[in-house]
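Have a look at the structure below, then the notes.
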Amino acid sequence: MKTVKYLLAVLMLVSSLNTFAQTGFVKVEGTQFTIDGKPYRYIGTNYWYGGLLATNGDKGKARLKTELDFLKSHGVNNLRVMVGAEGLTTYLYRVPSEKALMPKPGVYDEKIIYGLDYLLNELGKRGMKAVLHFTNTWDWSGGLDQYLEWNGYGPQPYSKYGGYTWDKNQEYTSKFYTCQPCKDELDAYIKYILNRTNSINGKKYINDNAIMAWEIINEPRPMSQAATSDFLAWMQHVSALVKSIDKNHLLTSGSEGDIATGGDLSVYQQIHADKNIDYLTIHIWPKNWEWFKDTSIAAGYNNSVANAVDYINRHAQLAKTLNKPLVIEEFGLPRDGQSFSINSTTTYRDKFYDAIFGAMMQHPEIAGANFWAFGGIARPIPGQVFWKDGDEFMGDPGGEEQGLNSVFDADASTWKVVTKYTSQLK
């Protein structure tokens, strides 16, 4: 009898420890997020470079703390962040070689991953959450093309170099899904991240509730119709791999929506119907998707909003069908007249943000919205369009005009819109 009582006591202790270990993690209940049984709905931002700031020494750490405190004070508590860049490069419009987390296959730079350790530790102190994407479809952080180049497929077609065409880029990237060595190397990289123990606080990443979710890839695309089945098989493989290692965190795709497959919603649906994918994502880019011409943001504004609302409604309906939450995890608009000056107005951006957040409030199944992107205390350099090595990172990656979509701490009118909605969510 004593043995039975002892065993029951042990089982109860183990159960209580498991329950304790689970506290603070974001979970999914139908179309809602919860934390410890309470609803979790948020306004967040994209902060892709957040894991790189502490690699810049005390100055970078100070900047990170200042910016996190600023965001928290405005009710922004969810950050979408790049895990790390891949590959050595002389390409000027990419995360530079000295900041690459994986300079070569299977080689990881401890000085760089320390930056992600530091970010997660600071987020934990503030009760903030990170959504971390493992890799990228696009060349500004290495991404899928880097694995192809490593495995003998020839030089990747960098988007800012001569001879580049969209068709060449699609053809090249689509080969990833049938390149087994490429996929194996990315698997190994993902396993390295998931098995990481934070060098600052000793927490295993898989046990750290400062992480809300993992993303397979930023903006997954098959890149060609012929590659669709191989693309879907790869997405399913990675989702199963991540969940086999990490039972605590959510997993999502990082998808833009059906724009990624030429409007074919069925491919998007297959990705997110996967039992290992916990919620849906969409991105909204009026400029990139040519909802307005050139710099005519004002003239094309009404069309941009109408298209955005339609896009949200279409994907929100699918979220309800799949009974999973939806997050609008990227959306942005340039400053008025597409100016890069910190002194320029943001009238139409502010109106656009208000429209997107307003649409979120109309859909209970939309559990979060992350605007692109936080530029913090950095500033565009007058007369300089693109990032150069040694500049401060901001919301616009190196391949984009610096200041194009960044929201800086000084953009008071935009923060007024943001806090209008973060206050409602409280």
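Against the list (1) open to solvent by less than 30 Å² (accessible area, probe 1.4 Å); (2) within 23 Å of Ala213 (Cα to Cα); (3) not acidic (Asp, Glu), the condition Ala188 fails is (1). The condition (being in contact with a Pro (Cβ under 8 Å, 6 or more places away or on another chain), polar (S, T, N, Q) and surrounded by fewer than 24 Cβ atoms within 10 Å (Cβ to Cβ)) is satisfied by just one residue among Thr90, Thr34, Thr137: Thr137. Looking across segment 227-258, the residues that are among the aliphatic types (A, V, I, L, M) and either at pLDDT below 95 or open to solvent by less than 20 Å² (accessible area, probe 1.4 Å) (or both) come down to Ala227, Met235, Val238, Val242, Leu250, Leu251. Look at (1) out of contact with any helix residue (DSSP H, G or I) (no Cβ under 9 Å at 6 or more places or on another chain); (2) farther than 17 Å from Ala188 by Cα and you find that Val107 fails only one, number (2).
The set of residues in segment 30-59 that are touching a residue at least 12 places away in the same chain (Cβ under 8 Å) and among the small types (Gly, Ala, Ser) comprises Gly30, Gly44, Gly50, Gly51, Ala54. Out of segment 361-390, which residues are without any contact (Cβ under 8 Å) to a residue 60 or more places away in the chain and either closer than 13 Å to Leu326 by Cβ or hydroxyl-bearing (Ser, Thr, Tyr) (or both)? The answer is Gln362, His363, Ile366. Here segment 319-359 is the region considered, the condition is being acidic (Asp, Glu) and more than 17 Å from Asp294 (Cβ to Cβ), and the residue that is surrounded by the fewest Cβ atoms within 10 Å (Cβ to Cβ) is Asp354. Could you tell me which residue of segment 379-420 is farthest from Glu98 (Cα to Cα), considering only residues that are aromatic (Phe, Trp, Tyr) and part of a loop (DSSP other than H, G, I, E, B)? Among those residues, the one meeting the criterion is Phe386.
Counting only residues that are hydroxyl-bearing (Ser, Thr, Tyr) and either part of a loop (DSSP other than H, G, I, E, B) or in contact with a Lys or Arg (Cβ under 6 Å, 6 or more places away or on another chain) (or both), segment 154-177 holds 5 of them.
Here are Asn195, Asn169: which of them is of a type outside the set (Asp, Glu), touching a Pro at 6+ places or on another chain (Cβ under 7 Å), modelled with pLDDT of 95 or more and closer than 21 Å to Met82 by Cβ? Selected residue: Asn169, the only one of Asn195, Asn169 that is of a type outside the set (Asp, Glu), touching a Pro at 6+ places or on another chain (Cβ under 7 Å), modelled with pLDDT of 95 or more and closer than 21 Å to Met82 by Cβ. Residues in segment 111-154 that are farther than 30 Å from Ser174 by Cα, among the charged types (D, E, K, R) and out of contact with any Ser or Thr (no Cβ under 8 Å at 6 or more places or on another chain): Glu122, Lys125, Arg126, Lys129.
Consider segment 155-165. How many of its residues are open to solvent by less than 70 Å² (accessible area, probe 1.4 Å) and either of a type in the set (D, E, K, R) or in contact (Cβ under 8 Å) with a residue 12 or more places away in the chain (or both)? Adding up the residues that qualify gives 4.
May I ask you to list the residues in segment 68-127 that are in a loop (DSSP other than H, G, I, E, B), among the hydroxyl-bearing types (Ser, Thr, Tyr) and closer than 17 Å to Phe393 by Cα? Tyr91, Tyr93, listed by residue number.
The values are calculated or read from the model by the stated rules, or taken from the named source; none is laboratory data. Everything numeric here is computed off the predicted structure, so don't read it as measured data. When we count neighbours, we look across all protein chains shown, and the Cβ atoms used for this are built from the backbone with ideal geometry, even at glycine. The area values use the complete protein model at the heavy-atom level, side chains included, leaving out ligands, DNA and RNA. Shrake-Rupley method; radii C 1.70, N 1.55, O 1.52, S 1.80 Å.
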